[in-house]
Structure formats: C-alpha cells, structure tokens
1. For the chain, divide the Cα radius of gyration by the Kirkwood radius and give the resulting Rg/Rh value with two decimals.
2. Could you go through the stretch 210-225 in sequence order and give the Karplus-derived ³J(HN,Hα) for each residue, using 6.51 cos²θ - 1.76 cosθ + 1.60 with θ = phi - 60°, rounded to whole Hz, and x for Gly and Pro?
3. Return one whole number: the accessible area per residue of the stretch 19-65 in Å², for a 1.4 Å probe.
4. Over the Cα atoms of the stretch 29-114, compute the convex hull volume and normalise it per residue, giving Å³.
5. Most fluctuating residue of A340, A186, A24 in a GNM of the chain with Cα springs under 10 Å: which is it?
6. Rounded to the nearest 10 Å², what accessible area does R41 show when all protein chains are kept and the probe is 1.4 Å?
7. Ignoring everything except DSSP H segments at least 4 long, calculate the 222 nm mean residue ellipticity for the chain; use -39,500 (n - 2.57) per segment, divide by total residues, nearest 500.
8. Give the ranking of I133, I37 by solvent-accessible surface, highest area first, calculated with a 1.4 Å probe.
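The values are calculated or read from the model by the stated rules, or taken from the named source; none is laboratory data. Bear in mind the structure is a predicted one, so any value in this text is a computation, not a measurement. Virtual Cβ from ideal backbone geometry, glycine too; neighbours counted across all protein chains shown. Note: accessible area is taken over every heavy atom of the protein model, side chains too, but ligands, DNA and RNA are not part of it. Shrake-Rupley method; radii C 1.70, N 1.55, O 1.52, S 1.80 Å.
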Amino acid sequence: MPDSQPRQPDDHAADATRGQEGSALTLCGARLTDGRIVDVRLDGSRIEAVGTAGSLVAPGARVDLRGHLLLPAPAEPHAHSDTALTADGAGPDAPGPPSQHPDDIQRRATEAALLQLGHGATALRSHVRIGDIQGLGALQAVLQARRSLRGLADLTAVAVPRLLTGVAGAGNLAMLRDALKMGAGAVGGCPDLDPDPTGYAEAVLEVAAERGCPVDLHTDSDDPARLARFAAMAGGMRQGVSLGPCAGLSRLPAEAAARAADQLATAGVTVICLPQGGCSGAEHRGTAPVRLLRAAGVRVAAGSGALRDLANPVGRGDPLEAAFLLASQSGLRAEQAYAAVSAEARRAMGLPEVRVEAGFPAELLAVRGEQLTGVLSLAYSRIVVHRGRVVARTSAVREYCDSETDGSFGLPRQGRPDSGTCGGP
C-alpha cells in the first residue's frame, strides 16, 4: 500500500491537467532525504501518491530514478533577467554596449531562465528596471519571455524604478503603477539610490498596499536607523515583504546587527541573501549574516543575484551552489541550506509549499546521489519536474584514463546502478 495517500489541495482548486489522458507520470525508485526508496505518482500538477518502491503499478509514463535523491524543486527569488548574460557584450573588446532592444532582452531573459531551470529552479522572480530612458520596454520584454516559458517555468517580474521621490520620481511613481497593470507581480527598487530612502520605501509600500502585491526591495542594510524605520512601516503589511541582499548587516557592530535582526523578525520581513555574489559593484561584496538572522527568527532565503552582467561577469544561476555556499561558508546544516533555496525561497515568493507527499505540487528535482551533503557537493546529473512533467535533464558522465594503457581512449566510465525493472528494489 502507498505510504502517503492523496489529500485535498490547500487551494481547493482543480488542477487543469488533473485526469487528462496521458498526464500521469510515475517516478520510480527515488531516494528521499529520510533514506526511504519510493515510487512517486504524479497526476497533472500534483503528487497523487507516494509508496514503497514497486508498489505503484499504474499505466502511464515512468522515469527510472534509482541512484537519485528526490527533493522539492528549488526556486529563484532574486534574478535580474533584463541584464543577464550581458557581460560578454560589455567588455573593452566588445563593439558596443549590450543591446537594449526588446527582442534581445527577451532572448537573454529566456536563455537565463532556461539555464536556471536546468539547475532545478522551476519558479523565478526577476527584478526588472523601469523608468528613465528605457521606460517600460525591458519589463515588456521580460513579460514576453514569461509567456514563452509557460509550461516550462514560472517567471514573475518585480518592477524596479530608480527614483521615486521629488520631481524626478513623480513620473516613475506613475510608471510603477502602470507596470503592475501590465503584469508585474511585485514592486521593488533600491531605496539606497534615492535622495530620500525612507520616502522611497514609503512610496513602494503605499503602491503595494493599493494593489495588494508583495514588496521586494534591494538594500545593503548598512544604516540601522533607516532599517528600523522600514521595519516599523513594513510591520503592518499583509503582503509579503522581502529585503536583499542585506550584506551591510555583516559590517555593523554586533549589537546593532542583532537589534536590526530582531526588528526584521518582529516585522515579518524575509531576507533574501546572495551567497554567489551581489548585484552591484565590488564595493558591496559579501553576504548577509545568515546565522545571526536565523537565530533572531528572521526567515532567510537565498538567490543568485546578477548573472554574467557588469555587476557579476561570472555566475551559474545554480540554487544548489547557493546552498553549498551557505553550508560551507555560513555554517548551516545541509538541510537548512537547501531549505533556503527551496522552502524559504518559495515562501518568500508567495508560492505553495512543496513536499514529496501526496497532494503537494509536483515541483521536484532529482539529483544523482544518496545524501543531501553529497548532492550539494557534486550535483552533476539532474532531472527537473514542473507541474508533473519532466522539463529538463542534465546528464554528466565522468571518464578516467587507464594509466597502464598506451593512451588510447578506452576510458572507464562512472558507474550506474544495474538495470532492472523500473521501480524494483
């Protein structure tokens, strides 16, 4: 009998694909983090049943996951789709600055999202600049990329104006409201760059309250008084409020940082740190004090930030690398580090919880390996499931040369479990 029986979904909404012919998919012989070897049957966008290996015999497609660890899929809470993949076109040898034509932005945004999807992120939140010379062009391009990704990954745009206060910010404030009407799913921005940071934050929170949408702001968080005022304002918000990357908290005196962490926890503000690098210049490198924040009760998620642009000319956009860095540099346990890029990231984005249990969303990542520590260390081969369908595969084969041969290419390969019936022991 299955270990986990179907339950009523939290939203009581019927999935569009549930029950459609050919929509069922069984994942066979996967290992869970608690050590169990299970079969997982998906029906549409939900997990229908979880049972011991070999117990779920049903028609439909089957995927052999022996040798893989099955996890809730990670999410990307802090991407920059409009500037991603522009570093190679902005160097000293480049013919000119990267193209800002909407078609080129859409192409780069789509390519970046597919890169991150291949790593396992089935949902992404992208901060997109609006206002100034570019107006709403970049946002329109990212929204078009979102439409082209439908069925592969979910992409949400955060509208990011540069200025919001004074005469210079009046037009951007009107444009921020227009951006939400166009389809942006959250309001954001960088108060640190405005002449009146507190006024900027007030304007963003006001617009968010009007529209009932979440807030996701960029800030270094190196000013305790300003952070305290923001926490006081955000405390009454019913929508989700996030701040990131908050690396400046690490540079504050210990008492000031602890007091700021307590204020953020009381206000219910989530901190989205960027372990792989920030999204501004080298002078703001570093990451938030994750252990201090967690100890104070702050919810901490982790994102990728800039991806191969002027702020960070390298970058993989890989949630498992972010989790690896949280474990290796910030001292989190592997389970806590992975939660930062999965459960906490999804919560920060307002997405439903995912567990490998019946009734939960079929947003899953299978990685070759047996334990989470190994997966965070060497996550080479991956299978990504979005809405109950395999949407990406990455396969890696490692080969070794036999030193006793004459150097020919008869190379031994990395082992694979013995073949057998899908879902068998």
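1. 1.00
2. Going residue by residue, I get 4, 9, x, 10, x, 10, 9, 9, 8, 7, 7, 6, 9, 10, x, 5 Hz, with x marking Gly and Pro.
3. 40
4. Each residue corresponds to 177 Å³ of Cα convex hull volume.
5. Judging by the Gaussian network model, the answer is A24.
6. Roll a 1.4 Å probe over it and R41 shows about 50 Å².
7. -9000 deg cm²/dmol
8. I get I133, I37, largest accessible area first.
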